[in-house]
Structures are given as C-alpha cells and as structure tokens.
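A quick write-up on the structure given underneath.
Here, each number is a calculation from the coordinates, and none is a lab measurement. Just so you know, these numbers come straight off a predicted model, no measurement behind them. All Cβ positions, even for glycine, are placed from backbone atoms using ideal geometry, and neighbour counts span all protein chains on display.
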Amino acid sequence: MRKIINLNCPENVKNSVKDEGFRIVYNETPQELEIFLNGVVGDEYSECDSASISKLLSKNKGKTVTMRVNSPGGLAFDGLAIHNALAAHDGPTVGIIESLAASAASLAVLGCDKVKMYANATYHIHEGLSFAFGHIADLQDSIEWLQQFNSAAVATYSAKTGQDEKAMAKALLGDKGDGTKYTAEQAKAAGFVDEIIPIGKTKQKPKNEDAHRISAMLNYRIAKHKLSGAKQGAAVSTQAVRKSRTPQDYSMFMKDSEGNPRHGTVKELQAWLHELKNIS
C-alpha cells in the first residue's frame with residue numbers, strides 16, 4: 001500500500017530532536033528490570049516501540065521483568081512484537097495494568113507469564129484499524145492486512161484465555177463494532193488477567209514493636225506462673241522453670257482462651273502487664 005509522506009515534518013527532522021536523556025521509561029538493577037509501557041505503543045520517542053523493548057530485554061537476559069502498562073494502544077504489529085519478546089524472555093515476567101491496556105497494549109501485556117490488573121483499571125480489545133487511499137487494489141490490500149492482524153490477535157487472545165477463537169473473534173468485534181471493554185473483574189473472569197490488585201494501599205502496616213515486646217514479656221510471665229502452679233504449689237526456682245519450658249509451652253501460652261494469638265494496643269498490654277506484675 002502507498003505510504004503518506006509527511007511534508008511538514010520529515011522523519012529526519014523528527015529524529016534529530018530526540019534526546020536520549022529524556023527516555024526515562026525503565027528502571028534496572030542487577031536482578032530486576034522494570035519497563036513502563038505508557039503512551040502510544042510504537043512511539044520511538046518514549047521507547048514504547050517493539051525495537052526498544054526487545055533491546056532492553058536482550059540486554060537483561062534472565063532478570064525478573066515487570067512491565068507497567070497505561071496505554072491506549074498504537075501500532076498493532078508492535079503490540080504483537082512486544083508480546084512475543086516478553087514471552088521469549090528467559091526470566092520471570094509480570095505485567096501490571098495500572099489504568100488502561102487497550103488495543104495493541106492489550107496484546108503486549110499478555111506476553112508476560114502473569115498479568116495483574118488494578119481493580120479500577122480498564123482492558124479493551126478491538127479489531128485492527130487502518131485507513132487507505134488509492135485504487136481498488138490498494139483498498140483490497142488494506143483489507144487483507146486487517147484480516148491478517150485480526151487473525152493473529154484472535155489467536156493470541158485465545159492462547160491466553162483458553163477461549164475458542166470463534167468466541168474471541170466475536171469479542172474483538174464487539175456488539176457495536178468497536179470491540180469489548182472489560183472491568184478488572186470481567187477481564188479476570190474472561191481469562192485475560194490472573195490477579196486483581198485492590199484499590200488503595202496494599203502494603204502491610206508496620207508492626208508495633210512496643211506491643212510485641214510487652215506481649216512477649218506477658219507470655220513469659222504467664223508461662224512461668226502456669227508451670228510453677230503445675231508443681232502443686234511447690235517452690236520452683238527461675239532456673240528450673242527455664243529448664244522445664246518447651247516450645248509447646250510457649251505455643252500454648254501465646255494464644256488466648258479461644259486459640260487466637262494474643263494481641264492488643266500498647267495501652268491495653270501495659271494495663272495487662274500492670275495487673276500481672278506480681279506473677280513471677
């Protein structure tokens with residue numbers, strides 16, 4: 001098919017303004033590589049093109065790779081190429097859909113071993129888009145390229161989801177001809193996504209060291225008291241009690257009457273300690 005020539009901004013002018021220092025689209029350590037697929041897939045300037053990502057993967061063989069995605073899509077065959085480069089990588093790969101994975105980006109992320117998606121993100125698939133001008137042969141050529149891409153996309157989606165290609169082709173077309181949009185729950189149910197990341201902070205809260213320290217002191221005192229009582233009131237030295245304790249004793253006294261681990265705020269544990277301070 002004939003190519004449109006951009007007379008206003010030729011390719012050599014576009015390339016001349018690219019600054020290598022601007023391309024901050026990945027982080028790497030000796031063990032891991034983090035790629036950011038943000039913006040238009042196929043954009044060389046932001047290094048979201050397949051050549052840039054393939055080069056990164058090639059330089060970081062064996063590393064764990066995380067690709068973070070927020071993209072409306074772009075060049076269809078770049079999406080497929082990124083998918084295949086990730087699938088061929090010889091280290092673990094994880095794709096994280098942070099907001100939007102649409103069109104070519106929806107294909108690219110499926111190349112990862114595991115795909116995670118935030119609960120408030122969107123996944124969108126659709127048939128290939130193109131434009132054409134020229135004679136009948138030119139238009140027919142465009143149609144054939146679209147059909148070729150659609151077949152490749154259907155096969156790729158089916159390989160990930162396990163759905164048959166007829167069902168995937170129907171989803172690719174959509175009820176209105178513009179594809180199908182999925183919430184995180186829907187994408188997981190359809191097989192595109194393996195895990196949903198909850199909205200909001202998911203990090204563990206830091207442990208309260210004071211509370212744990214006081215709880216440990218209480219458990220020691222209670223265990224010591226109970227073991228002494230088991231001797232039917234006989235005087236038992238601290239040294240003897242220490243020698244008689246077993247891992248099972250600690251396991252028993254680390255739990256409350258319902259079998260749950262003892263816990264509480266620092267204030268509650270301090271009050272408890274005060275009540276039991278005479279236990280020795």
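If I stretch the segment between Asp194 and Ile143 completely, what's the gain in nm (0.36 nm per residue apart, minus their alpha carbon distance), one decimal?
Stretched out fully, the Asp194 to Ile143 stretch lengthens by 15.0 nm.
Could you list which residues have their amide H under 5 Å from that of Val41, counting only those 5 or more apart in sequence or on another chain, with H placed in the peptide plane?
Gly73, Gly74, Leu75
For Ala87 and Lys61, calculate 0.36 nm times their separation in residues minus their Cα-Cα distance, and state this gained length in nm to one decimal.
8.1 nm
Round to the nearest 0.05 the FRET efficiency obtained for Lys176 and Asn27 when R0 = 45 Å and r is the Cβ-Cβ distance.
Calculated value: 0.70.
Taking the Cβ of Gly74 as the centre, find all other residues whose Cβ is under 12 Å away and add up their charges (Lys, Arg: +1; Asp, Glu: -1).
-4
Rounded, prolate or oblate: which one fits region 13-197, using the alpha carbon gyration tensor with axes a ≥ b ≥ c (rounded when a/c is under 1.5, else prolate when a/b beats b/c, else oblate)?
oblate
At 25 °C and 0.890 mPa s, grab the translational diffusion coefficient of region 28-124 from Stokes-Einstein with a Kirkwood Rh over Cα pairs, rounded to a whole number in µm² per second.
Rounded to a whole number, D works out at 194 µm²/s.
Which shape class, rounded, prolate or oblate, goes with region 127-179 when its Cα gyration tensor gives a ≥ b ≥ c as root eigenvalues, a/c under 1.5 marks rounded, and past that a/b bigger than b/c marks prolate?
Note, shape of region 127-179 comes out prolate.
When His83, His124 are ordered from fewest to most other Cβ atoms inside 10 Å of their Cβ, what list results?
The most exposed by this proxy come first: His124, His83.
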